[in-house]
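Let me begin by presenting the structure, written as structure tokens, before commenting on it.
Readers should treat all values here as calculations from the given coordinates under stated rules, not as data from a laboratory. Source: prediction; values computed, not measured. Don't worry about glycine lacking a Cβ; one is built from the backbone with ideal geometry, like all the others, and counts go over all protein chains shown.
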Amino acid sequence: MNHFLDVADYSPSEIQDILDLAIKLKKEYFVGGNKPLFKGKVLALIFQKPSLRTRVSFDMAMRHMGGDALYLSPAEIGLGKRESIADVARVLSGYVQGMMARVFEHEHVIELARWSSVPVINGLSDFSHPCQAMADALTIIEKFGSLKGLNIAYVGDANNVAVSLMHISVMLGANFTIANPEGYDMTKVAMDTGASLAKTSGTKITYLRDPHAAVKDAHVIYTDTWTSMGQEEETAKREAVFPPYQVNSRLVSEAGKDVIVMHCLPAHRNQELTDDVADGSHSVIFPQAHNRLHAQKAVLARMFEVA
Ligand code: CP
Ligand code: NVA
């Protein structure tokens, strides 16, 4: 079954092929619309958490390509609460041709995939955000031609977005540096996977505490919220620890002059990212958000085996 749970489940060339397809589908979309490759297909959108980009871009991706999407809110199916994940997976498999799930625990999307007889896509878990990483890579390719030889610096919380970005970066030939506070490190499993991917591609991963050292020679500076969904009770504690990791104009000025600034959004403006940087000349945050649509069309096309 063609699930899409993590970028590291695929080979670098498979990920590159999906990105090449995304570039093709994006071009096609803007010159006259996509072909209805998803005709007769419905994607269930299962959400345990809120969303703007993931929800709307998957829905629109399905519609632009002749298919349909069905939004299932956290209150509706009660994944693992009202009904076991295994039962939800087997019931839904008889109604729809694919599922996208945004879950609290990564194990839940794995469980869904284990029992589903249609493709399952990870739309964010507490471990990773692979669909975001595909859009991120697409955005970097559009700016620099490829990821090969680039220095990608992530500053802030070593969260789900950072993990997927690290994995896709080293898979596609970039060096990855992360600066995060002590006590907020990546999990060992994320680091071990990163190390093995970097070894294969001959790239380097550097773990730092100092954000200034991290952005030196960076082509990309990336940040994300200090408090992810599901960590709300830690907000005050995190807001006391993370301010030195703010991406502001001073930090950006310490990188190369062509550096791009990225954020998966939603941004907490003037916390992890200042307004002047978010809306300044280095920022690509909106094209990056729009690329979710195009990257996901390509992921879906591969999952459905129609392109
Ligand atoms: N970046 C992202 O996944 O945004 P949403 O939470 O709005 O889907
Ligand atoms: N790290 C954030 C990403 C939101 C798209 C979270 O998990 O809430």
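Please tell me the relative contact order of segment 157-200 in percent, rounded to the nearest whole number, where contacts are Cα pairs under 8 Å and at least six residues apart. The partial results should precede the final answer.
Values: 25 pairs, mean separation 23.0, N = 44.
Relative contact order for segment 157-200 comes out at 52 percent.
Find the Rg to Rh ratio for segment 157-307, where Rh is the Kirkwood radius over alpha-carbon pairs and Rg uses the same atoms. Working shown, then result.
Numbers: Rg = 15.9 Å, Rh = 16.4 Å.
That ratio equals 0.97.
Test of understanding: given the chain, find the longest segment containing no trypsin sites (Lys or Arg not before Pro) that are in a DSSP loop and have at most 10 other Cβ atoms within 10 Å. Write down the numbers at each step before the final one.
On the way: sites that count: LYS81, LYS257.
Here the longest run is 82-256.
Check the straight Cα-Cα distances from LYS81 and name the lysines below 17 Å, setting aside those fewer than 8 residues away within the same chain.
LYS49
Can you bin every Cα-Cα distance in segment 221-307 into 10 Å intervals starting at zero and give me the percent of pairs per bin, rounded to whole numbers?
Per 10 Å bin, starting at 0, the Cα pair percentages come out as 16, 38, 27, 15, 4.
Using only the alpha carbons of segment 180-228, determine the length spanned along each of the three principal axes and report them from longest to shortest in whole angstroms.
30, 26, 17
Counting other C-beta atoms within 10 Å, and keeping those with at most 11, which DSSP coil chymotrypsin sites (Phe, Trp or Tyr not before Pro) do you find in segment 75-120?
Details: sites: TYR95, PHE104, TRP115; in loops: TYR95, PHE104.
Listed in order of number, the matching sites are TYR95.
What spacing in nm lies between the two simple spin-label points modelled at ASP185 and LYS143, each 7 Å away from Cα in the Cβ direction?
Computed distance between label sites ASP185 and LYS143 equals 2.9 nm.
Setting aside same-chain residues fewer than 8 positions from LYS204, which lysines have a Cα under 18 Å from its Cα?
LYS148, LYS188, LYS216
Just THR200, THR177, THR225 to compare: in a GNM of the chain, with alpha carbon springs under 10 Å, which one fluctuates most?
Taking springs between Cα atoms under 10 Å, the residue moving most is THR200.
Normalised by the residues of segment 64-150, what does the relative contact order come to in percent, with Cα pairs under 8 Å and at least six apart?
Numbers: 82 pairs, mean separation 18.5, N = 87.
Reported as a whole number, the value is 21 percent.
If the cut-off is a Cα-Cα distance under 15 Å, which aspartates and glutamates reach LYS41, setting aside same-chain residues fewer than 8 apart in sequence?
Partners found: ASP59, ASP68, GLU305.
Please report, in whole Å³, the volume per residue of the convex hull around the C-alpha atoms of the chain.
Values: hull volume 36.9 nm³, N = 307.
Cα-based convex hull of the chain, divided per residue, equals 120 Å³.
Using Cα-Cα distances under 8 Å and only pairs 6 or more residues apart, what relative contact order does the chain have, in percent?
On the way: 595 pairs, mean separation 63.2, N = 307.
Worked out over the chain, it gives 21 percent.
Report P(r) for segment 79-208: all Cα-Cα distances, bin width 5 Å, range 0 to the bin holding the largest distance, values in whole percent.
Binned Cα distances yield the sequence 2, 11, 18, 19, 16, 13, 10, 8, 4, 0.
Quickly estimate the mean residue ellipticity at 222 nm for the chain, helices only: each DSSP H run with n ≥ 4 gives -39500 (n - 2.57), and the total goes over all residues, rounded to 500. Walk me through the numbers before you get to the answer.
On the way: 13 runs with 135 residues, N = 307.
Using -39500 (n - 2.57) per qualifying helix, the result is -13000 deg cm²/dmol.
Could you give the radius of gyration (one decimal) and Dmax (whole number) of the Cα atoms in segment 20-125, in Å?
Calculated on Cα positions, Rg and Dmax stand at 14.3, 45 Å.
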